1. Go over the candidates Arg412, Arg475 one by one and state the one that is in contact (Cβ under 8 Å) with a residue 24 or more places away in the chain, basic (Lys, Arg) and either outside the structural domain of Leu324 (by TED's automatic domain parsing) or under 30 Å from Ala309 (Cβ atoms) (or both).
2. Any residue at all in region 228-235 that's among the hydroxyl-bearing types (Ser, Thr, Tyr), in contact (Cβ under 8 Å) with a residue 24 or more places away in the chain and in a helix (DSSP H, G or I)?
3. Name, by its number, the condition in (1) under 30 Å from Gln63 (Cα atoms); (2) in contact with a His (Cβ under 9 Å, 6 or more places away or on another chain) that does not hold for Phe179.
4. Those residues that are within 15 Å of Arg226 (Cα to Cα), within 40 Å of the chain's Cα centre (by Cα) and touching a residue at least 40 places away in the same chain (Cβ under 8 Å), I need them from region 173-198; list them, please.
5. It is to be established whether one or more residues within region 45-53 are modelled with pLDDT under 85 and part of a loop (DSSP other than H, G, I, E, B).
6. Can you tell which of Lys95, Lys74 is loosely packed, with under 13 Cβ neighbours inside 10 Å and either touching a helix residue (DSSP H, G or I) at 6+ places or on another chain (Cβ under 9 Å) or at pLDDT below 80 (or both)?
7. So is Pro310 in a loop (DSSP other than H, G, I, E, B), in contact with a Phe, Trp or Tyr (Cβ under 9 Å, 6 or more places away or on another chain), of a type outside the set (Gly, Ala, Ser) and crowded, with 21+ Cβ neighbours inside 10 Å or not?
8. Scan region 417-437 and tell me whether some residue there is within 15 Å of Ile268 (Cβ to Cβ) and either more than 27 Å from the chain's Cα centre (by Cα) or without any contact (Cβ under 8 Å) to a residue 60 or more places away in the chain (or both).
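The values are calculated or read from the model by the stated rules, or taken from the named source; none is laboratory data. A quick note: this is a predicted structure, and the numbers were derived from the prediction, not measured. FYI the Cβ positions are ideal-geometry reconstructions off the backbone, even for glycines, and counts take in every protein chain you see.
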Amino acid sequence: MTYLSTAEVAEIKGCSLRYVQQLVQNGKLRGETKDNAANNRTEYMIPLTALPQDLQLKWENQQRRSLGLEPVKKAVKPPLKTENPRLTLDDLTDKQRSELYLWTGIIKDWLTIRDSYEQFSKGEIDEMFVQAARLKYPDLEISTDILYRRLKAYRNSDISGLIDKRGGSNKGTTVVPEFMLNAFSRFYLDQQCLPITSCYKFTRDWVQEHYPESLPDMPSERTFRRRAEDIPYAVRMYFRNGDKAFSDKCLPYVERLYDDLHANDVWIADNHTFDFFTAGKDGKVRRLYLTAFLDAKSGAMMGWNLTYAPSGDSTLLALRHGILRCGVPKAVYFDNGSEFLVSDIGGRGHRRKKDWNKDPLPPNILQFLGIEMHNAIVRNAKAKPIERTFCTFKNQFSRCIPTFCGGTILERPESLKYKLKHGIIPEEEQIRIALDSYIDGCFNAAPYGGKERRYKGMRRFEVWNSSIQDVDVFRQIDEANLSMLLKRVSKPQAVNRNGVYINFAGEKLWYRGADTVLHIGEKVYVRYDPADIRSVRVYDMATDKYLWTWNLDDDLLVDYLTEHREDIATAEKQIAESKKLVREYGRGILDSVDADKRIDIFAAMVRNSVEGGKDMVFRKPAKFVPVFSEEKLETAPALGDIQEISVKLDILDTLNAAAASRRKD
């Protein structure tokens with residue numbers, strides 16, 4: 001089917017382009033939307049059959065004039081009996097149109113040569129022209145007889161006489177039994193992506209096994225090939241190439257609107273593995289990772305950081321770089337990688353667990369900066385434009401590095417093995433300098449590739465400069481305050497007898513101060529700078545109030561088998577100082593009571609016991625049953641034989657005297 005653009009329809013109708021677009025939008029003229037690869041925009045395409053007959057005839061005559069054919073004067077009713085109805089350009093396939101254009105060009109050249117060489121007869125000229133045409137078009141069947149027949153059709157404006165119509169008379173009449181077509185589709189619609197020839201062979205074997213009587217009537221492979229092409233493209237893509245290919249090529253996509261967006265409204269972050277090798281200062285050969293922030297409005301690179309492995313620290317360093325260069329963004333757009341969804345940076349996002357029974361967390365870094373965090377839908381990386389930016393990095397930057405290894409084994413140069421073996425490897429510092437120069441001098445200075453037409457012809461940094469002027473509030477932070485706001489935040493913890501700790505590079509580092517022992521058990525959280533871990537700042541968990549700055553305490557870390565007594569002596573000295581501090585603190589509390597009023601706990605306990613036992617009497621019942629021993633009791637000695645001993649004991653007086661003696665001490 002032939003499709004015309006809105007501009008072509010407007011030319012045929014003799015009206016404006018906008019009027020045709022309104023007809024399509026209002027449903028008065030049937031049209032379809034298609035993507036224009038030239039300008040990456042959507043436009044309307046109108047089928048020729050949707051136009052009135054007079055406009056179809058007008059377009060037909062325009063095409064005939066361009067081919068040198070006689071235009072059709074008026075629509076003539078076909079005769080009652082016609083063996084070969086006249087074809088129109090709309091009835092032709094793309095292949096037949098190409099053949100028509102080829103033969104009209106050949107005939108025009110032939111007639112021109114005939115008129116140019118009068119010294120030769122037409123027969124001689126025709127023979128020479130046929131020989132020259134065979135050399136120029138080796139795949140074209142041409143002779144003088146064919147040339148004369150084509151000329152006759154050309155002069156009669158008979159399109160059917162200028163094309164080869166063989167092989168299509170019985171097209172579409174072959175019937176494939178349903179069970180055969182279903183079996184063929186089972187083999188064809190599979191992610192093994194078997195070629196049609198193999199699918200036909202397997203289908204033939206299947207028919208021979210289950211329906212041997214139908215094997216002689218089985219259609220040819222070409223028939224099954226046409227049936228395979230009749231299966232919708234989207235169905236073939238899904239079942240043969242998988243869900244990702246189907247989503248990338250067949251499903252509709254969402255277009256984001258950038259009209260109401262300004263520079264620094266949204267920064268998009270992601271990591272990229274460079275496709276080349278570098279040599280570090282330690283002599284190790286490795287591939288570097290890039291953590292970058294891209295401005296959604298202009299497409300310019302705001303901040304970046306090179307690292308050995310993606311992590312939260314690399315994310316903060318890239319964000320710090322961008323803020324110092326271009327100010328504070330309103331929001332950042334992260335994917336769901338663990339290097340972005342960190343508790344103390346912006347929260348866990350989609351990785352957050354149930355928190356109904358969790359303790360409240362301290363404020364994170366993005367909250368300190370006043371930046372909103374947005375996360376991409378899980379397993380939807382195509383939503384981030386920065387992914388396409390990294391493809392540009394690969395083609396423009398990575399391929400220029402001598403140790404380029406490619407993203408797949410097919411892209412790996414053969415010379416890479418030789419370069420790695422002989423040490424032809426760039427150093428990391430060289431890559432860092434080159435990357436900084438490339439981003440600002442090449443990438444950010446490249447033409448703007450977005451969809452907003454008002455920025456066409458501008459470069460990325462010029463788009464940012466233009467858009468940032470429309471921002472209501474531009475936030476800028478100096479380096480000192482930014483260093484304070486970007487400090488990492490630990491999880492809530494209670495002060496331990498060793499102080500507080502942070503987990504850094506897989507190690508637990510302890511921090512304490514001189515009076516740490518007096519704050520054991522207090523709920524706090526810690527903020528620290530990954531670039532300087534010599535000290536941390538401790539904050540109260542309940543009020544977020546700054547409390548102390550404690551230093552790294554490495555004196556309590558001693559090798560299991562140490563031969564240096566001074567190491568243990570230093571640790572013991574700290575322990576003794578803590579003990580002395582506690583003793584002095586407690587002594588100060590105890591000494592706050594006057595000496596004559598000091599409390600003796602033992603005396604107080606005995607005094608309370610004596611006072612409480614004054615009215616304590618066990619009252620026995622009046623009636624009781626006496627119990628006697630069956631053995632005979634010995635005769636008790638006479639009282640006169642026992643010396644009388646008289647003891648006077650006043651326990652309260654004794655305890656008071658002892659307490660007074662202790663107070664004197």
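1. Criteria check complete, one pass: Arg475.
2. No: region 228-235 contains no residue that is among the hydroxyl-bearing types (Ser, Thr, Tyr), in contact (Cβ under 8 Å) with a residue 24 or more places away in the chain and in a helix (DSSP H, G or I).
3. Every condition holds for Phe179 apart from (1).
4. Residues satisfying the conditions are Phe184, Ser185, Tyr188, Leu189.
5. No, that holds for no residue.
6. When all the criteria are applied, what remains is Lys74.
7. Answer is no for this residue.
8. Within region 417-437 (the criterion being within 15 Å of Ile268 (Cβ to Cβ) and either more than 27 Å from the chain's Cα centre (by Cα) or without any contact (Cβ under 8 Å) to a residue 60 or more places away in the chain (or both)), the answer is no, since none of the residues qualifies.
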